[in-house]
Amino acid sequence: MQLTSLDWIIVFAFFAITLGIGLWASRDSGKSTSEFFLSGRNMPWWLLGVSMVATTFSADTPNLVTDIVRKQGVAGNWAWWAFLLTGMLTVFVYARLWRRSGVLTDLEFYELRYAGAPARFLRQFRAIYLGVFFNVMIMATVCLAGIKIAGVLLDIDPVTTVVMVSVVTVIYSALGGLKGVILTDFVQFIFAMVGAIWAAYVIVNLPEVGGLDELFAHAEVSERLDLLPDFTNPEMYVPLFVVPIAVQWWSVWYPGAEPGGGGYVAQRMLAAKGENHAVGATLLFNVFHYALRPWPWILIALCSIVVFPDLDSIAAAFPNVAKKVINDDLAYPAMLSYLPTGLLGLVIASLIAALMSTLSTHLNWGSSYVVHDWYHRFIDPEASEDRLVLIGRISTVVLMVLAAFFALALSNALQAFNILLQIGAGTGLIFILRWFWWRINAYTEIAGMFVSFVVALFLEFGWDDLGLPALLDYQKLLLGIGLTTVGWLAATFATRPTDIATLQNFYTTTRPGGPGWKPVVTTLPQPISTGHDGQLPLRILAMLVGAIAIYSLLFATGFYLYGEWTNAITAGVVAAAGIGGLLLIWNNLNPSPPAGRTP
């Protein structure tokens, strides 16, 4: 299809705004690594929260949701909705701890929490493992979505797409640092949400769809509308709901939903003005991420079932798209081809915004690992700030090049999502417990990391070769969690704990509290007030109440769209009660603990 002059004007105007912000932010970003990677630790909660949600609103996210809805129905989204529990735990328990730690990256945490050669190895290895390998894989899935969108809407080949997006994103990311990324995220999020909501409205009212009533009455759509899976069918409710809500959220490490915080979420918390801003940012992120964003994508996914009932219909409509990338996730950009002039340009700009906001965050985050946790820590400890910023900009370019090459080898977003879940299976509990149990040591994390990776490779590529019974994805996940947990627990008790001086320093710096630190607290020369003695149960209660409130908002919106007024009102009342309860709990928490280490 052809874009008109108006569409191209909108697209190029967006590019100009993005580059302009990057150039403006570059005035400060080159001053130091703290400015380049943490924006001087002076960012407000609302900018940071929007930045987090803009990063997770990638161009591949609506494709992933479409893939899930077409294969498993709306209830299939519990595969990622369950991570809200992780997010709320970060809000009320871990956000203040991260900000209090004063580290530049979450990998620097390793040498604050552990000691000696194992801690150094862990920091150095994960700088490359996460900052390069994992990061490149994530960015590749994002680029894959761009390839599919450009192929369907613009008839542009994959190589051209990757080159165009990479060049623009690298320019403003390398120049503006985190400040440039956060400011462009704010603009890009507005573009992305306006485009998604407007597109959903127009597509639902296409003659081929006929409006919401006709859509929901369609035979193939009506059986996919349930917000919860069929609880009479274990083959449905176990993998789609029980496993995610009971096991997956706390046991699996996944970028953007790390148990205990981490990655670019930790980076945003560390860049906050203070602990309250870190808490506010993560709370805003979770509200927007789970309650605001999903429904426009879900509606378009449901519409695609009417217009493109199978893969053959998609392939027939877009004969120039490579056969290897024809999958259910392609249905989202396929539906966008029905948009009128002007709106099409806005939506394409919004998808570019979503794509670049995610790429830019991962570039800056990955570069922070390469520079701070590898180059500066182990290669050139005496490097000047100017040189470190230069290395940061060079590594930004290199990461983008690697992601671009890897993107050309992938075929669909759900495939990559499942692989990433499997690799992180069983390690999540380590990231939760390491703040509250003194016995966790560096060998715990090393064992968890290696065992989960080896098990993931074996289950994905070696299991079938041995002629063993076939496993479903959730069965592989549970088996991976079990084997990995046994592995890291065995390593924990088979090795010595971290030395007492390091544990004392960590405790007095972050003041986590809880009974898991009692053996360390008894060795301190004087009592340390955590500022929230006895409040951990109250914070966990806040997590649960907050999760119920956000889930209720999500459900209320769905029931309203479905026209189920009784259910919509009920969910709305539960959401209001949850918000009221959360405010009551918040007033009983101490948001400003006694001063300790100030970053």
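Structural remarks
- FRET efficiency for the ILE17 to THR570 pair, using the beta carbon distance and R₀ = 51 Å, is estimated at 0.75.
- Computed E for VAL486/ILE394 - FRET, C-beta separation, R0 41 angstrom, nearest 0.05: 0.50
- Taking N as its residue count, the alpha carbon Rg of the range 327-395 over 2.2 N^0.38 Å: 1.77
- Dipole moment magnitude, nearest 20 debye, the range 83-174 about Cα centre, only Lys, Arg, Asp, Glu C-beta charged: 520
- Computed magnitude of the charge dipole of the chain (debye, nearest 20; Cβ of K, R +1, Cβ of D, E -1): 2160
- Cβ-based charge dipole, the range 146-262, positive-most Cα from LEU215, GLY260, TRP249: GLY260
- R0 of 25 Å, Cβ-Cβ distance VAL163-SER313: FRET efficiency to nearest 0.05: 0.25
- Of GLU382, GLU235, GLU275, the sequence from fewest to most neighbouring Cβ atoms within 10 angstrom is GLU382, GLU235, GLU275.
- Computed over the chain, the per-residue total of -39500 (n - 2.57) for DSSP H runs of n ≥ 4 gives a 222 nm mean residue ellipticity of -21000 deg cm²/dmol, rounded to 500.
- Angle in degrees between helix 294-307 and the longest Cα principal axis of the chain, rounded to the nearest 10: 30
- Taking the C-alpha atoms only, the angle from helix 500-510 to the longest principal axis of the chain is near 50 degrees.
- ³J(HN,Hα) computed for each position of the range 544-550 - Karplus, 6.51 cos²θ - 1.76 cosθ + 1.60, integer Hz, glycine/proline x: 5, 5, x, 5, 4, 4, 6
- The chain: relative contact order in percent, alpha carbon pairs under 8 Å with at least 6 residues between: 27
- When the Cα positions of LEU544, LEU302, SER357 are compared along the charge dipole of the chain, LEU544 comes out farthest toward the positive end, with charges on each C-beta of Lys, Arg, Asp and Glu.
- Sorted by Cβ neighbour density within 10 Å, fewest at the top, the residues MET137, MET43, MET335: MET137, MET43, MET335
- Ranked by the mean number of other Cβ atoms within 10 Å of their residues, highest first, the peptides 386-393, 370-377 come out as 370-377, 386-393.
- Shape index of the range 5-418: Rg/Rh, with Rg the Cα radius of gyration and Rh the Kirkwood radius from the inverse mean 1/r over Cα pairs, equals 0.97.
- Rounded to the nearest 20, the Cβ-based charge dipole of the range 424-497 about its Cα centre (Lys and Arg +1, Asp and Glu -1) stands at 460 debye.
- Each of THR56, ALA407, ASN276 was scored by the projection of its Cα onto the charge dipole of the chain, and the greatest displacement toward the positive side belongs to ASN276; charges sit on the C-beta of Lys, Arg, Asp and Glu.
- Stretching the chain fully between SER384 and VAL401 yields a gain of 3.5 nm (0.36 nm per residue, less the alpha carbon separation).
- Between the Cα long axis of helix 413-423 and the first principal axis of the chain there is an angle of about 20°, rounded to the nearest 10.
- Full extension of the chain segment joining ASP226 with LEU206 gains 4.9 nm, where the gain is 0.36 nm per residue of separation less the Cα-Cα distance.
- Sorted by Cβ neighbour density within 10 Å, fewest at the top, the residues GLU35, GLU564: GLU564, GLU35
- Of all aspartates and glutamates in the structure, those lying under 16 Å Cα to Cα from LYS71, and not within fewer than 8 positions of it along the same chain, are GLU220, GLU223, ASP226, ASP230, GLU235, ASP310, ASP312, ASP328, ASP329, ASP473.
- Net charge of neighbours whose Cβ lies under 13 Å from the Cβ of ASN327, counting Lys and Arg as +1 and Asp and Glu as -1: -1
- Under 5 Å between amide hydrogens, built in the peptide plane, is the criterion, and for ALA425 it picks out TRP253 among residues at least 5 positions away or on other chains.
- Each residue of the range 438-452 is assigned a 3J(HN,Hα), and the resulting list reads 4, 6, 4, 10, 4, 5, 4, 5, 4, 4, x, 5, 6, 5, 4 Hz, derived from the Karplus form 6.51 cos²θ - 1.76 cosθ + 1.60 (θ = phi - 60°), x at Gly and Pro.
- Phi to ³J(HN,Hα) by Karplus 6.51 cos²θ - 1.76 cosθ + 1.60 over the range 143-152, Hz, x for Gly, Pro: 4, 4, 4, x, 4, 5, 5, 5, x, 7
- Under 16 Å from the PHE216 label point (7 Å along Cα→beta-carbon), backbone N, the range 570-591: 570-572
- Length gained when the stretch ALA577-TRP24 is fully extended (0.36 nm per residue, less Cα-Cα span): 194.7 nm
Values quoted throughout were computed directly from the atomic coordinates according to the rules given, and no laboratory measurement underlies them. What you see is a predicted model, and the numbers here were worked out from it, not measured in a lab. All Cβ positions, glycine included, derive from the backbone under ideal geometry; neighbour counts span all protein chains shown.
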